[in-house]
Structure formats: C-alpha cells, structure tokens
1. Cβ-Cβ under 7 Å, sequence separation 6+ or interchain: first residue in region 98-124 and at pLDDT below 75, partner among the acidic types (Asp, Glu) and surrounded by fewer than 15 Cβ atoms within 10 Å (Cβ to Cβ). Which pairs?
2. State whether the residues of region 67-74 include one that is touching a helix residue (DSSP H, G or I) at 6+ places or on another chain (Cβ under 6 Å) and either modelled with pLDDT under 90 or buried (at least 16 other Cβ atoms within 10 Å of the Cβ) (or both).
3. Within region 30-37, identify whether any single residue is of a type outside the set (A, V, I, L, M, F, W, C) and touching a residue at least 12 places away in the same chain (Cβ under 8 Å), and answer yes or no.
4. What are the residues in region 1-41 that are assigned to a loop (DSSP other than H, G, I, E, B), at pLDDT 85 or above and farther than 22 Å from Asp110 by Cβ, if any?
5. Mind checking whether some residue in region 84-96 is polar (S, T, N, Q), under 11 Å from the mean Cα position of the chain (by Cα) and modelled with pLDDT of 85 or more?
6. Has region 110-118 got at least one residue that is assigned to a helix (DSSP H, G or I) and in contact with a helix residue (DSSP H, G or I) (Cβ under 8 Å, 6 or more places away or on another chain)?
7. When region 72-96 is examined, which residues are found to be outside any strand (DSSP E or B) and either under 18 Å from Gln38 (Cβ atoms) or touching a residue at least 12 places away in the same chain (Cβ under 8 Å) (or both)?
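The values are calculated or read from the model by the stated rules, or taken from the named source; none is laboratory data. Remember, it's a predicted structure, so these values are computed and weren't measured experimentally. Note that we place each Cβ from the backbone using ideal geometry, even for glycine, and neighbour counts take in every protein chain shown.
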Amino acid sequence: MSKSAADFLTRAVERIFDSQEDISYIAAVNNKLKIIVQKGFIDLHPSKLHVLHVQAALLVGMSSVWSETLGRLDYTCATFNSKSEILVFPIDAETHILAVLSPTNKENPDALKEQIVRQFKSSS
C-alpha cells in the first residue's frame, strides 16, 4: 500500500471515529492482517485482538463470494458480546475496515451501520 493510500485511510478512520460516538474501536487491516491504522480501545489481549482481525478477514472473504443474484452485500456483522457488534466491510480487494460498535442509541442500530459504511465509502 502506498504512503498516500495509508494516509488517506488514517484520515478517514480518524474522521469517522471522531464523528461516531458509538464506535469503541475501528481499524483498517490489509489482507495479510497487518493493521494499517487503528483508533479507539477494546479490552482484549493482543492475541485475542489478532483473532478478531482474522475472523473479520474471514467475514470479508465470505462476503466476497456473495452472489449478485441475491442482492448486494455492503457489510457483514457479528455479535461481539451482549453489548457490542462487529461491523466489517471491504474497502478494496486488499483492505477491510473493522469497527466494534457499542451503540448508546439503541433506536436503530442498522441505520448506524449503514451510516458508517456510507460515510467511509463516500470519503474514498
């Protein structure tokens, strides 16, 4: 990844993290599971955080084979614990975004997810 692409990702991740109070952790991770940028905090041992990144990559891999005949799959989600969800979506063939959401506003969590994805993709 070029330095300008990494700088762009850093700025985009920081902007989204700062604008969304429901994100407790966000990271851009490449296909070799190297963290390009991360922001926020999640109370996990580093080995468990690595497992989270691996599983996020697997979710992205599964979504990449999603059939267009079934519609478009913009992002995938998983429940992290009783209070959080994991939002994962690809940026390009080599990079994906992982966000851990701890929504303070329980009114419409799907709208929050769509807003984060839309906000990130519109800045790219």
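1. Listed by first residue and then by second, the contacts come to Thr104/Glu21.
2. yes
3. Pass one, region 30-37, residues of a type outside the set (A, V, I, L, M, F, W, C): 30-32, 34.
Filter once more, keeping what is touching a residue at least 12 places away in the same chain (Cβ under 8 Å): 30-31.
Yes, region 30-37 has at least one match.
4. Passing the criteria: Asn31, Lys32, Leu33, Lys34, Phe41.
5. yes
6. yes
7. As a first pass, look at region 72-96 and keep what is outside any strand (DSSP E or B): 72-75, 80-84, 93-94.
Result: Asp74, Tyr75, Phe80, Lys83, Ser84, Ala93, Glu94.
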